[in-house]
Each structure stands twice: as C-alpha cells, then as structure tokens.
Amino acid sequence: MKPSLPSCACLLLLCLLGTHATADLRNAAAMGKDLARAPPVRPSARGHRRLTPAGLGHTTAAAAAPGYICRWWHSWAFWPRTGGSVDLGLRFREPPRRGGVVGVVLKRQGREAWSSGGCRLGLGGGAAGLCHTRPTDLVFIVDSSRSVRPSEFEQVKVFLAKVIEGLNVGPNATRVGVVNYASRVKNEVSLKTHRTKAALVKAVTKIEPLSTGTMTGLAIQFALNVAFSEAEGARVRSPDISKVAIIVTDGRPQDNVRDVAVKARESGIEMFAIGVGRVDMNTLRQIASEPLDDHVDYVESYSVIEKLTKKFQEAFCVSDLCATGDHDCEQVCVSTPGSYKCACKDGFTLMEDGRSCSACSAAATDVVFLIDGSKSVRPENFELVKKWINQIVDKLDVAENKAHVGLVQYSSAVRQEFPLGRFNSKKDLKEAVKKMDYMERGTMTGQALRYLVDNSFTPSQGARPGVSKVGIVFTDGRSQDYIGDAAKKAKEHGFKMYAVGVGNAVEDELREIASEPLAEHYFYTADFKTMNQIAKKLHVNICEEENPCECESIVKFQKKVEDALQALTKKYILYNKG
C-alpha cells in the first residue's frame, strides 16, 4: 500500500521547506514599507499608452543603477495575477521577454518614487520590445514653400526618416506616403509604392523642395482625395486600421484650411499638426484632431524638430501587453493590436474564462441532464429551458472520444429523451433538444434521481467505464416524493451533481442534490428569463479534484515542494542590494 501524508504533516513539511525562501522575502519586504501603487494610466483615444513614468517626479535611482530598467510606474497596478505580494507590500515579477530588467521594491512618498532594489524608471533601451505599431495608413504632408530653406528641408527629411525607422513597415502593417506641397501639390511617395523601411527612407532622401507659396488647404484636400485613396494604396476603412496624417508647416496658409480639415477628420483621418518658427498657431488648431494637446506640436526651428521623433514613435506604439506583463493569461499570451488573447500549451485546453488552462477539460465525460417537465413550468418557459440546455451544450466538447450527453425529462413519470452517446456532434444534439416535447403533470424529482442512478449512467445506456459522470438537475418546484436517499446515492457513486432551480424551487432540496462545494454546484434564479445567466456561470468541470496531500510518498511530496520553490526562485528576480 502506498503511504500517504496527513494534511497537517503536509503543511508542516511545506513550511519547513519554505522557511529559507520566506526569510529572504521578508528581508526584501522590509525595504518596501512605503510601497504604494499608482492608479493605471488611462489609454489615449487611439488605444495606446504613453510609455512614460507619468507623475513620478524626480527618480533618484536613475543615476544609481543605469544598467537596470524598471518599467513605468502605472504598470505595477496590473500585476495581481502574475506578480506576488509578501508581507509589507513587496511586489515582484519576472522580467519581460525582451527589454529591460524589472526592479523589485519601489517606494513612493508624495510625488517622488525610487527603487530601493536599484533600477531606473523609464522607457529605456528595451522599450522597442514592449510595443508594436498597429496597421496604419500614414501620410506625411510636408510644407516646402519658399520660407523653408534647403538646409531646413533636409532636417525635415531626417525627422521623417527617423519616425519611419520606428514603424513596422509592410503591406499588412504600416504603409507610408509623403505629400510635398507649396503653391502646388506633389505626391512624392504613395502608400502602395514602398514595402520596406529602407526603400521608404531612400525615397524620402530624394525629395526636393518646391519653393513657392503655401497652399496648405489644397495639400490636405489632395491627401484626402488622392493620397488616402484605394488607387494609391490606402486600405478600406476599418476599426483595425488607423488613418493618420502628419502635417509639417512653418507659415500662414494662403488658402482656407478649416473646412477641408473638418472633412479629413470626419472621414476617419487622425490629424497631427507640427508648426515651426513663425507658424500661425490658430491654423494648427484648425487642422488637428482632438485632443489638441496630443495633436498639435510646436518647435522653435527646424534644427530641433528631431526632438519630436520620440513622441511620434510612441504615438504609433501600441503597448504589447504580453511583453509588459499587463495580462492575466495563465500560460500563453498572444499579442493583438492594443490588446491580447490567451492560449494554452500543448496538452492543455483554454477554459471558458478565456485565460485559464486545464489539462483535462477536453477529456472524456458523460453528462446527463435531468429536466423537470411538470405543469408548473408552463410551455413558454419550457422553451427557455431547452435554450438553456443548449447554452451549456455549446460549452462542451461533444465528440466520440470526449463529451457524451444524455437527456431525461420527468414529471409524474420519467422519460428518457435520448441516452448517452447517441449524438457525437453538437448540431445533432441541439436539434434533438429542440424537438423535446413538454410532459406536464407532477414533480417526482426523487423518482427521477433514482432513474439517473440506476439507468442513465449504466453501460447499457451508453455510459463509459472509467469516465467522469456529471448530472445536471433542473426543477422549478418542490418534489412530490422524497429525494434524500437518491441524492445521497448519486454522490456516493461518484457522480458530480449540479442542481439548478427557478421560481418556486425549494432551495433546501437543491442543496441536498448538489455536490460540494455548493457555490460551484448549486444555482438558483427567480425568473426563467434569467436562466441564461446561470448557463454562463455553470461550468461543467470534468477534471477530478486532486488532493495536494495525497502523495505516493513523503519523498515524492518533498521533491514536488522543492521543485516548486526552485521554480519560484528562478521566476521572480529579487534585487536586494539595500
């Protein structure tokens, strides 16, 4: 016989094995008494986050440890799942897959924040791995009127090239066009012309100034009608593709810009306006999208226009929530533009919550619905019950080697609608549920439970040996017979029993039917119309619950704990320099 470990001994052994690690964590936590989490920064209108340590004030760790990078303060607010807390508020988590190293203990007093673990806050050199650009059709509209000297125009081209270098350029990513204007307008680069950064940058370097007047309104109209047309490579308007124009000008336009700028914005183009030198600021405000603080920029001269490069690289940077750790996926995080989705490793299945993974959620199980068809249900409500059954069926993996479903209806008598294994596809199964006729008459729940135990889960009715057995009982009223013995027998047989009641259902009876814990197996609602909410909450868990202290031997259990502690030490990096 395999020796097992009593639960108290399990806990004692766990504590003994974990003592050395806990002591280290307590020492590190002592440095973090002043830890406070700032509220998360609200995303901007385009869904990206400004990648700056907003509201931090002076960061004293910057000079002390230039080699380490802590990410911006607000991201700490997103770490309750993958991070951890010990004692006095110590926060720790693993470093991002690409980019800098995350510090451990952050202190905050007022508006001053620093890392006692020794790391600097800010974007740092690893920022490129923390974001990506969403698919965008981007058109630069560049003023090359006579007020722009040739040397200044060269500085504009350098600025354009540097912004392009920070983009993910490609047919299915960001497409870039350039419109050059003065008294006339010239389409220098169309959105369909160049598919690589190198080709784009080379094309930008060859642009020559037009050196005449300043027809800014005409240039915006050209961009709207031509540069952003499908003929020139623009994609069909879609929520997944941004349309952006960046206009650079240094003077007062010789035509009207207000009306055409309104048309451009109404067409879905996000307008950024950069003014240089003696530019008319009112014109910039007429051009730009709201909020103006984010879309209007001014520099004193072309010689400093490059300082805007970082802003626009960040403006097109959609935060890679998987890389930053701002997600709650249990196993695998897959980045999408401005968001993410969760996935699971081979051998695991994504659960209904969209983030958890189970090693056995796709395993074989036998599920039997036991449905009250008494006259108190009423025909119109019985139709809602059938829809509710199919909602739950939708969440099952119905297949020959996976979930099998049976259906039993009862009132004064019991009627098997179809046995386990008759249908191996959801489509056929749901059609059979829809065709179920309403029985009416009385409510003999005890008799129905006895039928479930004695018949439904037997091999002659399609039940498979060694497969989890799940019973889902629905009723809307008090049983007219005794249910206690049958309910007890079902659980003694190892059946996992769910009890669902509506309206006048007696809650004590439902609790007697349901397996433990009741919070996961007992559901009640006052109205048939809200049964769909129960379907969302009821998840048929076909995994056998594992007792963590049922170990084959003390040695095996000790090995498990030691492996877990070793993994914890590797995963969470603590900087404890004091």
Using the 2.2 N^0.38 Å rule of thumb for compact globular proteins, work out how segment 134-316 stacks up: its C-alpha Rg over that value, please. 0.92
How do E507, E512 rank when sorted from fewest to most other Cβ atoms within 10 Å of their own Cβ? E507, E512
Residues whose built amide H sits under 5 Å from the amide H of F423, excluding neighbours closer than 5 in sequence, are V405
Could you list the trypsin sites (Lys or Arg not before Pro) in segment 228-310 that lie in coil according to DSSP, counting only those with at most 15 other Cβ atoms within 10 Å of their Cβ? R237, R278
For an R0 of 41 angstrom, estimate the FRET efficiency from the Cβ-Cβ distance between T196 and T349 and round to the nearest 0.05. 0.55
For D259, what charge total do you get from the other residues with a beta carbon under 13 Å from its beta carbon, if Lys and Arg give +1 and Asp and Glu give -1? +1
Take the alpha carbon gyration tensor of segment 362-537, find the square roots of its eigenvalues, order them as a ≥ b ≥ c, and report rounded if a/c is under 1.5; if not, report prolate when a/b exceeds b/c, else oblate. rounded
Over segment 134-316, relative contact order from alpha-carbon pairs under 8 Å, at least 6 apart, %: 26
Around H404: net Lys/Arg minus Asp/Glu count, Cβ-Cβ under 9 Å: +1
Simple spin-label estimate for K435 and R252 in nanometres, 7 Å along Cα-Cβ: 8.2
Over 21 Å between C-alpha atoms is what I'm after, so list which of K375/K427; K386/K426; K402/K489 land there. K375/K427; K402/K489
Residue separation between T458 and K402 times 0.36 nm, minus their alpha-carbon distance, gives in nm 18.4 nm
Using the structure shown, select from K345/K387; K311/K345; K430/K488; K263/K307; K202/K263; K387/K469 the pairs with a Cα to Cα distance greater than 26 angstrom. K345/K387; K311/K345; K430/K488; K263/K307; K202/K263
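Here, each number is a calculation from the coordinates, and none is a lab measurement. From a predicted model like this one, the values you see are computed outputs, not experimental measurements. FYI the Cβ positions are ideal-geometry reconstructions off the backbone, even for glycines, and counts take in every protein chain you see.
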